[in-house]
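Computed from the coordinates by the stated procedures, all read-outs in this text should not be read as laboratory data. Small disclaimer: the values here were computed from a predicted structure and weren't measured. A quick note on method: Cβ atoms are made from the backbone with ideal geometry, for glycine too, and the neighbour counts reach across all protein chains shown.
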Amino acid sequence: MNYLKALVLFLLIFVGLIYLSGQNAKQQLMMTLAEQLPQVVNPSLNNAIDESQELSRMSHSLVDDLHDITFVSKLPVDLVASLTVAELNLSKTKLSGSNTLNWQFGNHTLYASIDSSVNFNYWLVAFWAGAFTALGLLIDYLFTLIFKFQPFRQKVSIPDAVNSGKDKLSTAIEELRWFDGLKQQGLIKGLTAQQELQLASIKEQQQCWFSIALKQGLNIEQALKAAEADDALCFDLANQQVIIHGVPIRLSKTPLLYYFWYAKRKFEAEPAYLNPPQGKPDHKNGQQLAKLMQQYGGHQKAIRDLDEGLKGKTLDQNRNKIKTELQRVLEGLACDYLFDSERDERTARYRYSLKLPASKLKLGP
Amino acid sequence: MPRNFVFTILRLLIATLVLLPAMVFLSQQTIEPVVLKEQYSYSCKVKNTSGKKHFHIYMPTNWQVEEFAQTLCDTLLAKQSFETVTVYWQPREMLSTEQLLSDNYALFLNRDYALSGLLPNWDDFYTAILSLPSYQISWFSHQDNMQLSANSLKNKRIGLLEDKRSESGYLAPMSELKQFGQGLDNAQLVFYPNRESLVNDFLAEKLDIIPSVGHHGQLKRWPASKTQPLQHVSSTLSWYLNDQYADLAPSLVTYLQQYQSRLLKVHTTHPYSLDKGLR
């Protein structure tokens, strides 16, 4: 590209020098001829019998004197080597064109058209065109520096305007690369300026909750609320769901009610529940849970099973279902909302309780 | 890319423009003086000669000068001691004494009063070898039976030659006009650099009256009723040969007779006879 640029500049200057020096040489010739032609042409016509014939004769005779006209310059730089008049046409009738002269002879005008060819010292022209090209590239380089300097100054001036909403927004946009993935997944379509601002200001943890909420089918507005919601587990049994950190997660009726039962125990500050031994179901707690199920419309089969008492195996199955469902939705964040287990040394069975403190539990919406 | 390209071209143009004054300065060269040769001459090289002398001829017309010079080069002066023959026809006003002496004309067509004015003792150098007969000069007009008088010339545009040494174009007609004295306004007189433009303007009716010997084809056929002879009859025009070349006189006279008989046949309304011509 740079070589091409230099070549274009060289050609531009080369042609420029040829044109300028050629024009100058021709102009100088025209000035000389404008002064001299009338002096030599007019006297010859005075005693001429046929003006036109004499003009034609002089046209040829004058050309013989007008070859290899040389030039001098102030510097030792003769771009034009010589100039030769190829054709000179003297006439009584008007001649058009750029290289024409006219003057008065008696009561009429005489015209001359001059066709000249310039011989250039091409090597000298090329040398100077080269020198000018180097200078031109230097000037061009300086231009580039000036242009580069301009945008830098604009960047420096940004802090002055940083308080304006528009600039704040553009800065935010630059940083909000974290939700590009959501955009690609089609979870985010069209953000308002306000929403972009909100997204810009949320923390990394909240970003996770925002993504989870979107994946759960919430809109951007609701997802933003979820991201900023309290860290709480809320049971919405009427809608057969839990709301964790503002994100609703639907669970099957039975695991949901088992989940509720553990929460209720935690809420009421009861100790971690030791799984009943195999073959010895816990009737007391079984009835309590069956009562809850009847109250919140649990499956009849599950209620009937509980008539036989609360079994360790059933407890394990339902906790696993809860775990699976929460992990599917919340991934790594699920563990905080699951169960702590603790081995009872005496019986070698496990006790289970909700990990979440009671203060973060809401048993009703 | 196109935007970058345009930007690059723009930058190159700006760089060229910045350099333009320096380029203009570099292009300034002054022409070496060109001196154009005078054009009122025709030269030829004499055939079969080793001579170094130059044979200069002057005559107040360029009529057939090329043929004239060529005849001298090819036949009359062949094998003589001349290298070149040159015929000059500059305006008579441009002839000066210095020129006459320095250019050393070998042959000369002029009137003896004009020659005396330039060089009173001309006959120490020149001898008249042949004279042209005197010829009639006439006024030509567009009007029938015009009688020249102060009255008839009123408001008429009169064309004359600029050449104040021309007897037929200036001297004779001017002296005749002077005789009509007052009444003639200088603005009525229009001066022309040569006969051709004078006659052309007359034929184009830009002029009412001109003096002429009738050398133009159309003037030769001009109705006699529209012409009036001048009272003055032209004084004698003679060929003067430099005494150095007296030996060439016989051959030159023979050729000059032929030349001037043709000249007068073509350029005057009056017939020319050879025997009257010789002085």
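Take residue A:55 and tell me if it is on the phi < 0 side of the Ramachandran plot and in a helix (DSSP H, G or I). So residue A:55 fits the description; yes.
For the residues A:77, A:118, the requirement of being within 60 Å of the chain's Cα centre (by Cα), over 17 Å from residue A:38 (Cβ atoms), in a loop (DSSP other than H, G, I, E, B) and within 12 Å of chain B (Cβ to nearest Cβ) singles out A:77.
Of the residues B:230, B:203, only one is aliphatic (A, V, I, L, M), within 25 Å of the chain's Cα centre (by Cα) and over 27 Å from residue A:43 (Cα atoms); which? Exactly one of B:230, B:203 is aliphatic (A, V, I, L, M), within 25 Å of the chain's Cα centre (by Cα) and over 27 Å from residue A:43 (Cα atoms), namely B:230. Residues in the range A:38-52 that are in a helix (DSSP H, G or I) and either facing chain B (nearest Cβ under 7 Å) or in contact with a strand residue (DSSP E or B) (Cβ under 6 Å, 6 or more places away or on another chain) (or both): A:38, A:40, A:41, A:42, A:43, A:44, A:45, A:46, A:51.
Return the total of residues in the range A:321-349 being closer than 15 Å to residue A:273 by Cα and surrounded by 18 or more Cβ atoms within 10 Å (Cβ to Cβ). The number of residues fulfilling the criteria is 2. Restricted to strands (runs of 3 or more DSSP E) entirely inside the range A:239-355, those with at least 3 residues that are among the hydroxyl-bearing types (Ser, Thr, Tyr) and touching a residue at least 40 places away in the same chain (Cβ under 8 Å) are A:350-354.
Could you say which residue among A:286, A:309 is over 30 Å from residue A:208 (Cα atoms) and in contact with a Leu (Cβ under 9 Å, 6 or more places away or on another chain)? Criteria check complete, one pass: A:286.
Just one of the numbered conditions (1) within 14 Å of chain A (Cβ to nearest Cβ); (2) in a loop (DSSP other than H, G, I, E, B) is not true of residue B:169; which one? Going through (1) within 14 Å of chain A (Cβ to nearest Cβ); (2) in a loop (DSSP other than H, G, I, E, B) one by one, residue B:169 breaks only (2).
How many of the residues in the range B:37-83 are free of Cβ contacts under 8 Å to residues at least 24 places away in the same chain, out of contact with any Ser or Thr (no Cβ under 9 Å at 6 or more places or on another chain) and buried (at least 16 other Cβ atoms within 10 Å of the Cβ)? The number of residues fulfilling the criteria is 0.
Per this entry, residue B:32 is not counted among residues that are in contact (Cβ under 8 Å) with a residue 24 or more places away in the chain, facing chain A (nearest Cβ under 7 Å) and charged (D, E, K, R). Here is the figure for the range B:153-166: residues that are under 23 Å from the mean Cα position of the chain (by Cα) and either part of a strand (DSSP E or B) or away from chain A (no Cβ under 14 Å) (or both) total 4.
If a residue must be of a type outside the set (Phe, Trp, Tyr) and assigned to a loop (DSSP other than H, G, I, E, B), how many such residues does the range B:200-239 contain? So the answer is 14. Criterion applied to B:188, B:244, B:257 was being away from chain A (no Cβ under 14 Å), surrounded by 14 or more Cβ atoms within 10 Å (Cβ to Cβ) and within 30 Å of residue B:55 (Cα to Cα), and the one residue passing it is B:257. Residues in the range B:6-54 that are among the β-branched types (Val, Ile, Thr) and over 27 Å from residue A:62 (Cβ atoms): B:6, B:8, B:9, B:14, B:16, B:18, B:24, B:49.
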